[in-house]
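Visitor: Attaching a single structure in structure tokens format; questions to follow.
The values are calculated or read from the model by the stated rules, or taken from the named source; none is laboratory data. Just so it is clear, the structure is predicted and the values come from calculations on it, not from any experiment. A quick note on method: Cβ atoms are made from the backbone with ideal geometry, for glycine too, and the neighbour counts reach across all protein chains shown. Surface accessibility is based on the protein's heavy atoms, side chains included, excluding ligands, DNA and RNA. Shrake-Rupley method; radii C 1.70, N 1.55, O 1.52, S 1.80 Å.
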Amino acid sequence: MTEIVLDPAPSDRPPPRLEGEYLRLVQQRRLYSFALLAIFLLLLVSGFIAADARNAGGFWDGLDHLGDFPAEVLSEAWANRARIPGLLIAFLPSLVETVNIAAVSTLLGAIAAVLLALLSTRGLARWPRLTTVFRRSMDAFRALPEVVIALVLIYILGGGPVPAMIAIAFHTAGALGKLFSEVAENADLKPVEGLTSVGATWGQKMWLGVIPQVAPDWLSYALQRFEINIRASAILGFVGSGGIGYDLKVAMQWGQGKYDQVVAIFLLLFVTIVIVDQISSHYRNLLVKGRAQ
Amino acid sequence: MTSLPLQPTSDLRGEVVALFARRRRFSFLIPALILAYLIYIAVAFDFAGIAGRARMDNAATLLSDFWSYKTHVTRDARSGSVSVAIEGEAKGLYPRDKWPAWVKETDGITHIDLGRGSLVTYEGDRATFTIPGSGDVVIERTPQGVTFTAPPGFPKERISASDAKVTVTGPQGRVSVSRAKTETFRYAPGWELFFFTIDSPFYGKGPLEVAALAVSGERIDPGQANIALMASEFWNNRMWHHRDVAGALFETILMAFLGTATGAIIALPLAFLAASNLTPSRSVRFGVRRVFDFVRGVDALIWTIVLARAFGPGPLTGALAILITEVGSFGKQFSEALENIDGKQVEGIRSTGANAAQRMRFGVIPQLIPVLLSQVLYSFESNTRSATVIGAIVGGGIGLLLTQAIITQKDWEDVAYYILLIILMVMAMDSLSGWLRKRLIKGGH
């Protein structure tokens, strides 16, 4: 195409129909892109107008008051700053519970995901005819929002950390299962063939032939999931029960007079999330780079 | 292989055996650690206590509401009047002349046919429950309390009794007598009134009849066509609130869409500033990256709470909460994608004498768009799920309806309906985002 555009002497050639055609195509493409962009912007703007109309408070009004609540909380907490270190220690058990919910649900979810992934990957599946069944069940686990399972389980099992744990584990099994099976699809099948030739069982083939190949990637995904699950476990505590999210809800409902508690919980959550993010991204880098060598 | 010298082999053998032993110890250690952690969790989370507190009857109610509905036949103890209502709600009340065929009142005695030989009769303050094969259970309201007499050998687990209330569960339904009222619950498959409520002219008609009315037939309301009336009767259904539910679903998707799209638009220019190969200034990069870290660290929960205070409940607040969180995560992802682009294309464009803006437009953007779009579309799908939770906190969308329905602990058929809708919505968004990914990314090349 550069030849057409940059050709310095087109005069001694037949009229460049190709060039016209090309420009027409470019123009048409530009028109399409422009139309798509215009539709997108129209949707966006009308969406904001609709959302603003359905909101209790208006956008511009709210923007003026955006700083009010943080300022109120912070000023009260500053007045009671001497109490904060004590509160940080007092809320530590709840924080441990939140982290435990995330950890155990990641662990259980990952174990389930390993099984689901191996059973639904072509070439590795124990029962090749059932791969679709396992794949669809992973989709269903993934589609169920955690809050739905958690709220239903709270009603059945009562409060506490267990409903949140089960809810997050379910979702994790679906989400990790999909990622795990994408990794497993790319695994080298030669070790599996070798193990088959010496009469290994399905479990032995997977454990010795597949898992060592995929373990670094799987671990890396599981760590990333752990980061996500800490946030999810805090939110589920707020909506349902268990962990530091629940304490935050109680302190918020109390309102003024408990803002030092709110700040202590904010601080604990923030620090935990940052630390977990840092540790996890460090190890994930290590896992992925260690494999490349 | 056979010609290997013997001497070094024994050495190697020892090494290999030692390595295997070490690995074996290691591979036993990890499961042991996991098991120990799970035992600690089982104690810390009080698994044993949970099993005792679990309310399996609640689970059974929820499950049965997924596929069935119940009709209450209630006799008020004070006035002595009997009413028949779906789910016991005023909105599902049958008018006296339109009672279903299985309940009849003659000479002040109410006969209820639960099917398969199960019968219930109300006679003043006495209710008789006839269960085929088991005999008659008679429950009576007396000034001292509620008493019952069951035939010998009647299974005990079918009766739950106290002074104030006696409930007998049969294979076809349930009878409950309390000081205030006598009630019979008759279960039937399906969600009655899902399409039309009892007061609607279309109630009780089969699908073929309704279809025939829609296409032809005399106008029920002379003011409008039958099909329009049908649509409005369905849309304004007072039992299932289809209009409100559709509005809530729309709000949830709106929150996800606005938050994701605007978040991406804001994150893109910031990501250019955070990419080491495009922004030479170390301090700008550092500053922007810390902003991303801060936004991600504060977490969606806290942003949601702070925003809800300023903007009040509603979808806009939810959209803004998603927006802020997404700026953090998109910013990080986009800047990583920018750092991974191929420098050769940019160099090629530079060799033609392009300026910085042209290099971005023709060298960077074409490489970036597929990666970026795919990340945005993935997030759109997962944000539909987040919007359900955030809606429960900020008070908007289907998440709010679901939490409200669960908190009232009454309308379990609504809970079942909302759960189904949420799953369908997420699956639809999943396929929509997958379809768009395929169209936009593969179509672009």
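Visitor: Residues in segment A:104-121, backbone N under 14 Å from the label point at residue A:202 (7 Å along the Cα-to-beta-carbon vector): list them, ranges by number please.
Guide: In segment A:104-121, the label zone of residue A:202 (backbone N under 14 Å from the point 7 Å along Cα→Cβ) covers A:115-121.
Visitor: Using a 1.4 Å probe on protein heavy atoms only, how many Å² of accessible area do A and B hide from each other, summed over both chains and rounded to 100?
Guide: Chains A and B together bury approximately 5600 Å².
Visitor: Give me the distance in nm between label points sitting 7 Å out from Cα along the Cα-to-Cβ direction at residue B:194 and residue B:340, one decimal.
Guide: 4.4 nm
Visitor: Please list B:240, A:254 in order of solvent-accessible area, largest first, computed with a 1.4 Å probe with all protein chains present.
Guide: Result, largest first: A:254, B:240.
Visitor: How much net charge surrounds residue A:138 when only other residues with a Cβ under 13 Å from its Cβ are counted (Lys, Arg +1; Asp, Glu -1)?
Guide: Taking every other residue near residue A:138 into account, the sum is +1.
Visitor: Measuring from label point to label point, each 7 Å out along Cα→Cβ, what is the residue B:26 to residue B:83 span in nm?
Guide: 7.3 nm
Visitor: Summing Lys, Arg as +1 and Asp, Glu as -1, what charge do residues with Cβ under 13 Å from the Cβ of residue A:94 carry, residue A:94 excluded?
Guide: It works out to a net charge of -1.
Visitor: By how many degrees, between 0 and 90 and to the nearest 10, does the Cα long axis of helix B:282-311 differ from the longest principal axis of chain B?
Guide: So the inclination is approximately 10 degrees.
Visitor: For segment B:242-443, which whole percent of the accessible surface, found with a 1.4 angstrom probe, sits on carbon and sulfur atoms?
Guide: The C+S portion of the solvent-accessible surface of segment B:242-443 is 63 percent.
Visitor: Classify the protein assembly as shown as rounded, prolate or oblate, taking a ≥ b ≥ c as the square roots of the eigenvalues of its Cα gyration tensor: rounded when a/c is under 1.5, otherwise prolate if a/b is larger than b/c and oblate if not.
Guide: prolate
Visitor: Rounded to the nearest percent, how much of the accessible area of segment A:81-292 (1.4 Å probe, protein heavy atoms only) is carbon and sulfur?
Guide: Looking at segment A:81-292 in its full context, I get 65 percent from C and S.
Visitor: Accessible area, 1.4 Å probe, largest first: how do A:33, B:281 sort?
Guide: Putting A:33, B:281 in descending order of accessible area: A:33, B:281.
Visitor: May I ask you to list, by number, the DSSP H helices of chain A whose Cα span along the axis is at least 15 Å and whose average Kyte-Doolittle hydropathy reaches 0.5 or more?
Guide: Those that clear 15 Å and a mean of 0.5 are A:17-54, A:92-120, A:146-157, A:161-185, A:211-239, A:259-292.
Visitor: Pairs B:98/B:165; B:98/B:181; B:104/B:156; A:249/B:91; A:249/B:165: which are spaced more than 27 Å apart, C-alpha to C-alpha?
Guide: Distance filter (> 27 Å) returns B:98/B:165; B:104/B:156; A:249/B:91; A:249/B:165.
Visitor: Just by accessible area at a 1.4 angstrom probe, what is the order of B:233, A:193 from largest to smallest?
Guide: If we order B:233, A:193 from most to least accessible, we get A:193, B:233.
Visitor: So, one more: For segment A:114-189 and segment A:69-101, what is the centre-to-centre distance using only Cα atoms, to the nearest Å?
Guide: 35 Å
Visitor: Please give the helix B:56-67 orientation as an angle from the longest Cα principal axis of chain B, in degrees from 0 to 90, rounded to the nearest 10.
Guide: Rounded to the nearest ten degrees, it is 90.
Visitor: Treating the beta-carbon of each Lys and Arg as +1 and of each Asp and Glu as -1, no other charges, what is the dipole magnitude of chain B about its Cα centre, to the nearest 20 debye?
Guide: 1740 debye
Visitor: For segment A:81-292, what does the alpha-carbon gyration tensor say about shape, rounded, prolate or oblate, given a ≥ b ≥ c as the root eigenvalues, a/c under 1.5 as rounded, and a/b over b/c as prolate?
Guide: Prolate, since a/c reaches 1.5 and a/b exceeds b/c.
Visitor: Next up: Counting only other residues whose beta carbon sits under 14 Å from that of residue B:236, what net charge do I get with K and R as +1, D and E as -1?
Guide: Neighbourhood net charge equals -1.
Visitor: Here is a further query. What whole-number value in Å² describes the accessible area per residue of segment B:242-443 for a 1.4 Å probe?
Guide: On a per-residue basis, segment B:242-443 sits at 41 Å².
Visitor: Over segment B:351-445, what relative contact order in percent results from Cα pairs under 8 Å that are six or more residues apart?
Guide: Computed over segment B:351-445, the figure is 30 percent.
Visitor: Cα centroids of segment B:167-220 and segment B:391-445: how far apart, whole angstrom?
Guide: 28 Å
Visitor: Take the Cβ-Cβ distance between residue B:54 and residue B:362 as r, set R0 to 60 Å, and report the resulting FRET efficiency rounded to the nearest 0.05.
Guide: After rounding to 0.05, the efficiency reads 0.45.
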